[in-house]
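One structure is given below, encoded as C-alpha cells.
The values are calculated or read from the model by the stated rules, or taken from the named source; none is laboratory data. The model shown is predicted, which means the values in this text are computed figures rather than measured ones. Neighbour counts run over all protein chains shown; Cβ positions are idealised from the backbone, glycine included.
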Amino acid sequence: KAGVTQTPRYLIKTRGQQVTLSCSPISGHRSVSWYQQTPGQGLQFLFEYFSETQRNKGNFPGRFSGRQFSNSRSEMNVSTLELGDSALYLCASSLRTKTNEKLFFGSGTQLSVL
Amino acid sequence: KQEVTQIPAALSVPEGENLVLNCSFTDSAIYNLQWFRQDPGKGLTSLLLIQSSQREQTSGRLNASLDKSSGRSTLYIAASQPGDSATYLCAAPVEFLPVQAYKYIFGTGTRLKVLA
C-alpha cells in the first residue's frame, strides 16, 4: 500500500510569491491534516480536512489556505510569502476511527523563501 | 490547553545502552498518545500508539508506557543501535467540538545520537 505522498519535495521561492503544495493520502484515508515544522516553533497544526470539509484551523494568518478534493487529495496554498514561512510542511493522513487513530506522515515539502 | 514537553532535549549514548525518553502532557483527558521518529529533513514515522485504556505498547526493542493520572509517557529503547539515531517526538490529541475532530500537539522532541 502506497504511503502519503507529498510534492514537490523542495521549493525555493522569493518573498511575495505564492506556492501550492500537494498531498496524496493513503488510499481509503479520508482525513488529511497539515503541519508546519520550524526549528524554533517545532510542529504546529495548520488545518485538517475530512471529506472535503475543513473541520478546523490552527493559529495561522489567512495567507495559509487549503482544500481537499473528492479523492481525498489535498492542497495547501500560501500567498504573499514571507521569510518566516520557510519551513518543512508535513501532511498526515488517517482513518479517523473513534478510538484508535494513527497518523501517517509524508516526507514533507521543504520550502525556502528568499 | 494541552501542552506537551519532552526531556531530555538531546541525548548521546554508546551503542548497546538501554535508554528512556520522557514525555509529559498537561491535559490528562487524552484518548491516545503517539510516539514518532523523525530523521533529519524527513517526515515522521509512527512508532507506537497507546490508547487511553492501555498502559503500554511494545514493538520490537521499543516499549511505550502511558500514565494518564500523572500526565506522563515514556519510550524505552532496549539495546540501542547507531540506526536508532534520530529525533523522537510524542504527540497528544486535542479534540475540537462539536465536530469531534482532532489535532495533535507535539512535543519539541528528543534528539538521540547512538555512538558506535
| request: Would you check if there is a residue in segment B:34-49 being crowded, with 20+ Cβ neighbours inside 10 Å, modelled with pLDDT under 90 and either touching a Leu at 6+ places or on another chain (Cβ under 7 Å) or of a type in the set (Ser, Thr, Tyr) (or both)? | output: no
| said: If a residue must be modelled with pLDDT under 95 and part of a strand (DSSP E or B), how many such residues does segment A:1-31 contain? | reply: 1
| said: It is to be established whether one or more residues within segment B:69-85 are modelled with pLDDT of 90 or more and within 12 Å of chain A (Cβ to nearest Cβ). | reply: no
| query | Do we have A:SER107 as outside any strand (DSSP E or B), more than 23 Å from B:PHE36 (Cα to Cα) and of a type outside the set (Val, Ile, Thr) here? | reply | no
| Of residues in segment A:63-74 being touching a residue at least 24 places away in the same chain (Cβ under 8 Å) and under 17 Å from A:PHE45 (Cβ atoms), the one surrounded by the most Cβ atoms within 10 Å (Cβ to Cβ) | A:SER74
| request: Scan segment A:53-93 residue by residue and report those that are within 14 Å of chain B (Cβ to nearest Cβ) and either assigned to a loop (DSSP other than H, G, I, E, B) or closer than 14 Å to A:VAL113 by Cα (or both). | output: A:GLY58, A:ASN59, A:PHE60, A:SER86, A:ALA87, A:LEU88, A:TYR89
| request: Output the number of the condition that B:ASP84 fails; it satisfies all remaining conditions of (1) surrounded by fewer than 18 Cβ atoms within 10 Å (Cβ to Cβ); (2) farther than 27 Å from A:LEU46 by Cα; (3) free of Cβ contacts under 8 Å to residues at least 40 places away in the same chain. | output: (1)
